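J.: Below are the structure tokens for one structure; questions will follow.
The values are calculated or read from the model by the stated rules, or taken from the named source; none is laboratory data. None of these values were measured; they are calculated from a predicted model. Neighbour counts run over all protein chains shown; Cβ positions are idealised from the backbone, glycine included. To get the accessible areas, we keep the full protein, side chains included, count just its heavy atoms, and leave off ligands, DNA and RNA. Shrake-Rupley method; radii C 1.70, N 1.55, O 1.52, S 1.80 Å.
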Amino acid sequence: MMKAMVYRGGDLGNAFEVKEIKRPIPKEHQILVKVNYSSLNNVDYERFKGKKLSLFARATLLFGGKGKILGGEVSGQVEAVGEQVQNFKKGDEVFGQTLGFMAFGAWAEHALLEKKQTVLKPSYLSYEEAAVLASASKTAIGALCTGQLQSGQSVLIYGASGGVGHLLVCYAKALGASITGVCSQRNLKMATDLGCDRVIDYQHDDFEKAAGKDDLILAVNGHVDLKILKAHLKKDGILVGVGASYLPASFLQSFFSKRVRYFSYFLKPRAAYYNEMQMLVMKKEIKPFIDKVYPITQVSQAIQYVMNEHPQGKIALRMHF
């Protein structure tokens, strides 16, 4: 048996409860991990954003409804492995993404991972940092691949300090790009420290005057119209909608314009993105930013913080029941 934080539906204040449930047994290609930390992603909290739910929020309820254990990322130690798992053994320190289309099941004392979605944790990453890396980093890598960013090109990242945005900065820097980050005033120093060559404060700067022309624009978070963003592309430039604010519009416009594309790891999963993440982790070219760490028993407060404060980087959850 094990303890798990189970989604029960309803308002955020009463949406979760700790339950004793049966500990899962790994199948032949699976790994059972004793969870130290997990993370908080939009698949976990979009359902709490008002009564009129987005299509994405409805999808999260379809795959992670009442009675489900949410959370899609873990870090911890290998507890047991399936018969076909050879590269991992009990006691190994690992991190990765949990099972399923939307990857749920992490908010528990133990969780299952596929061996292809599991990575040995390097010593330079803490358990907190490793726990928030898998999902956002694959999204960041996939978005850059979709935009075909090359060394020496210029990229503008709208939402450069968020969970995916700050990793986009790190990866674009590793590729040798010139980076303009767009974020709020309180996040300007963070964006610069991460590697942005110039920053735009969307709260006080006139974006249309401050932005130049770029080879690639990555729209992660924000409310600037795509038409305005497209005006700041170079002649053969590409705009990629990544975050929930821009994904629907960019998806529709991609049918009519070769210059507009979209990326969602759920819709376009590729093993290459995971392999790229592992390579960059081994090279020590990535170190995620943790805004706050909450115990899993305060997951409702963590979700409230994310929705109210727009945190820097990521939120980690400690599995302490």
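J.: Are any of the residues in region 59-68 of a type in the set (A, V, I, L, M, F, W, C), open to solvent by less than 70 Å² (accessible area, probe 1.4 Å) and under 20 Å from Val293 (Cα atoms)?
T.: no
J.: Does Glu46 fit the bill of being surrounded by fewer than 22 Cβ atoms within 10 Å (Cβ to Cβ) and either assigned to a loop (DSSP other than H, G, I, E, B) or basic (Lys, Arg) (or both)?
T.: Taking the combined requirement at face value, the residue does not satisfy it.
J.: OK, next. If a residue must be among the small types (Gly, Ala, Ser), assigned to a strand (DSSP E or B) and in contact with a helix residue (DSSP H, G or I) (Cβ under 7 Å, 6 or more places away or on another chain), how many such residues does region 1-43 contain?
T.: Number satisfying all stated conditions: 2.
J.: If a residue must be surrounded by fewer than 16 Cβ atoms within 10 Å (Cβ to Cβ) and either outside the structural domain of Lys116 (by the TED database) or under 23 Å from Leu62 (Cα atoms) (or both), how many such residues does region 22-34 contain?
T.: Count: 1.
J.: Which one of these is of a type outside the set (Val, Ile, Thr) and either within 23 Å of Lys258 (Cα to Cα) or assigned to a helix (DSSP H, G or I) (or both): Ala136, Ala160?
T.: Ala136
J.: Find the residue count for region 198-227, including only residues that are polar (S, T, N, Q) and surrounded by 13 or more Cβ atoms within 10 Å (Cβ to Cβ).
T.: The total comes to 1.
J.: Here's a follow-up. Would you pick out the residues in region 1-46 that are of a type in the set (Lys, Arg) and under 18 Å from Ile296 (Cβ atoms)?
T.: Matches in region 1-46: Lys3, Arg8, Lys19, Arg23, Lys34.
J.: OK, next. Is one or more of the residues making up region 155-175 loosely packed, with under 15 Cβ neighbours inside 10 Å, more than 19 Å from Tyr265 (Cα to Cα) and in contact (Cβ under 8 Å) with a residue 12 or more places away in the chain?
T.: Scanning region 155-175 turns up no residue that is loosely packed, with under 15 Cβ neighbours inside 10 Å, more than 19 Å from Tyr265 (Cα to Cα) and in contact (Cβ under 8 Å) with a residue 12 or more places away in the chain.
J.: Please indicate, with yes or no, whether at least one residue in region 205-216 is modelled with pLDDT under 90 and hydrophobic (A, V, I, L, M, F, W, C).
T.: Within region 205-216, not a single residue is modelled with pLDDT under 90 and hydrophobic (A, V, I, L, M, F, W, C).
J.: Output the residue which, of all residues in region 244-263 that are crowded, with 19+ Cβ neighbours inside 10 Å and under 15 Å from the mean Cα position of the chain (by Cα), is farthest from His223 (Cα to Cα).
T.: Phe263
J.: Only one of these conditions is not met by Gly147: (1) more than 27 Å from Leu317 (Cα to Cα); (2) surrounded by 22 or more Cβ atoms within 10 Å (Cβ to Cβ); (3) modelled with pLDDT of 95 or more. Which number is it?
T.: Of the numbered conditions (1) more than 27 Å from Leu317 (Cα to Cα); (2) surrounded by 22 or more Cβ atoms within 10 Å (Cβ to Cβ); (3) modelled with pLDDT of 95 or more, the odd one out for Gly147 is (3).
J.: With the structure loaded, tell me whether Ala231 is open to solvent by less than 70 Å² (accessible area, probe 1.4 Å) and free of Cβ contacts under 8 Å to residues at least 24 places away in the same chain or whether it fails that test.
T.: Yes.
J.: Look at region 294-316 and say how many of its residues are surrounded by 18 or more Cβ atoms within 10 Å (Cβ to Cβ) and either among the hydrophobic types (A, V, I, L, M, F, W, C) or closer than 14 Å to Met190 by Cβ (or both).
T.: Within region 294-316, residues that are surrounded by 18 or more Cβ atoms within 10 Å (Cβ to Cβ) and either among the hydrophobic types (A, V, I, L, M, F, W, C) or closer than 14 Å to Met190 by Cβ (or both) number 11.
J.: Which residue out of Ile228, Ile286, Ile238 is aliphatic (A, V, I, L, M) and part of a strand (DSSP E or B)?
T.: Ile238
J.: Also, I was wondering about something else. If you go through region 176-189, how many residues are within 22 Å of Tyr246 (Cα to Cα) and open to solvent by less than 20 Å² (accessible area, probe 1.4 Å)?
T.: Number satisfying all stated conditions: 7.
J.: With the requirement that a residue be over 24 Å from the mean Cα position of the chain (by Cα) and either crowded, with 18+ Cβ neighbours inside 10 Å or at pLDDT below 90 (or both), what does region 234-243 give you?
T.: Gly237
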